[in-house]
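Everything on this sheet refers to the single structure shown next.
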Amino acid sequence: MIKKARISKPNTNEILMYLGYRGQEITADIKDQIKRCTAEALSCCNPRLVYKILPVYSGQIDTLPLEGHDIQALLESSEKAVVFAATLGSEAESLLMRSGVKSMSDALIMDAALSSVIENVCDNFEEDMRQVAKSEGLYLTDRYSPGYGDLPLTSQTLLCELLNTHRRIGLTVTPNHLMIPRKSVTAIMGMSVKEPTLRRKGCEVCSMFLNCDYRKEGKICNG
């Protein structure tokens, strides 16, 4: 199924995280540059998302054999799996290229802003699927992407073939299993009969992100 992708308010803390922020002073000029690049990123994006819900048997997704123990552990209590792919489209790819020609600092910030936007699209879809799972008396697991843990990057190709992403949302995979456009994501989530332990969100969502003493020392407070 093709689903209308949603973008909500961009997360400035997340953009700073992608830029490697570690408590340094952020000048007014840099703040303005981040704001400008983020607005430009949002205006150019044409997010697209496609997904399938497939049955799961003993931690294995029907018709989608995947390597690795981690994905089986994620799905061990699941009745179904949500397999999806999302992309910001060729427009975002063109914006990255133009930014690189114009200004290296703009290109770095634009890259971080677009990374935050595609993450936002995935987060919103995850929340939508969480409500779907809830309506069926199930729980949604965390999402898991090729390249995480022992799920090989080669799985990227399998997911895109299953979802027919080239025809449906313009997303292709190179022989090295990298996605084009670059600002794209493939992932899997389980619909579990047991409430899973979800990962805690990172520093980017914390209200103390800009003034955190832990981050200034290169540490985190959540273990």
Look through the stretch 1-35, keep the residues that are modelled with pLDDT of 80 or more and of a type in the set (Gly, Ala, Ser), and return whichever of them is farthest from Leu163 (Cα to Cα).
Ala28
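Rundown of residues vs (1) without any contact (Cβ under 8 Å) to a residue 40 or more places away in the chain; (2) of a type outside the set (Val, Ile, Thr); (3) open to solvent by 50 Å² or more (accessible area, probe 1.4 Å), yes/no style:
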| position | (1), (2), (3) |
| --- | --- |
| Thr12 | yes, no, yes |
| Ile26 | no, no, no |
| Leu54 | yes, yes, no |
| Thr63 | no, no, yes |
| Arg98 | yes, yes, yes |
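Being in a helix (DSSP H, G or I), open to solvent by 60 Å² or more (accessible area, probe 1.4 Å) and either in contact with a Gly (Cβ under 8 Å, 6 or more places away or on another chain) or touching a residue at least 60 places away in the same chain (Cβ under 8 Å) (or both) is the requirement here; does Leu108 meet it? Outline the logic, then answer.
On the way: in a helix (DSSP H, G or I): yes; open to solvent by 60 Å² or more (accessible area, probe 1.4 Å): yes; either in contact with a Gly (Cβ under 8 Å, 6 or more places away or on another chain) or touching a residue at least 60 places away in the same chain (Cβ under 8 Å) (or both): yes.
Criteria met by Leu108.
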Does Thr87 satisfy the criteria of being within 16 Å of Val117 (Cα to Cα), at pLDDT 90 or above, in contact with a helix residue (DSSP H, G or I) (Cβ under 8 Å, 6 or more places away or on another chain) and open to solvent by 10 Å² or more (accessible area, probe 1.4 Å)?
no
Show the residue pairs that are 6+ apart or on different chains and have beta-carbon atoms under 8 Å apart, the first residue being within the stretch 77-88 and more than 19 Å from Leu49 (Cα to Cα), the second being hydroxyl-bearing (Ser, Thr, Tyr) and open to solvent by less than 10 Å² (accessible area, probe 1.4 Å).
Ser77/Ser192; Ser78/Thr141; Ser78/Ser192; Glu79/Ser192
Suppose we keep only residues that are open to solvent by 40 Å² or more (accessible area, probe 1.4 Å) and modelled with pLDDT of 95 or more within the stretch 129-157. Which one would you say is farthest from Asp70 (Cα to Cα)?
Ser135
Checklist (1) surrounded by fewer than 15 Cβ atoms within 10 Å (Cβ to Cβ); (2) touching a Cys at 6+ places or on another chain (Cβ under 9 Å); (3) in contact (Cβ under 8 Å) with a residue 60 or more places away in the chain applied to Arg22, failing item
(2)
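Going through Val117, Val82 one at a time, which residue ends up being modelled with pLDDT under 95 and open to solvent by less than 40 Å² (accessible area, probe 1.4 Å)?
On the way: Val82 fails: modelled with pLDDT under 95.
Just one listed residue meets the conditions, Val117.
The values are calculated or read from the model by the stated rules, or taken from the named source; none is laboratory data. Remember, predicted model here, so these are calculated numbers, not experimental data. Because the Cβ atoms are built from the backbone with ideal geometry, glycine has one as well, and the counts that use them run over all protein chains shown. Accessible surface is based on the protein model in full, side chains and every heavy atom, while ligands, DNA and RNA are left aside. Shrake-Rupley method; radii C 1.70, N 1.55, O 1.52, S 1.80 Å.
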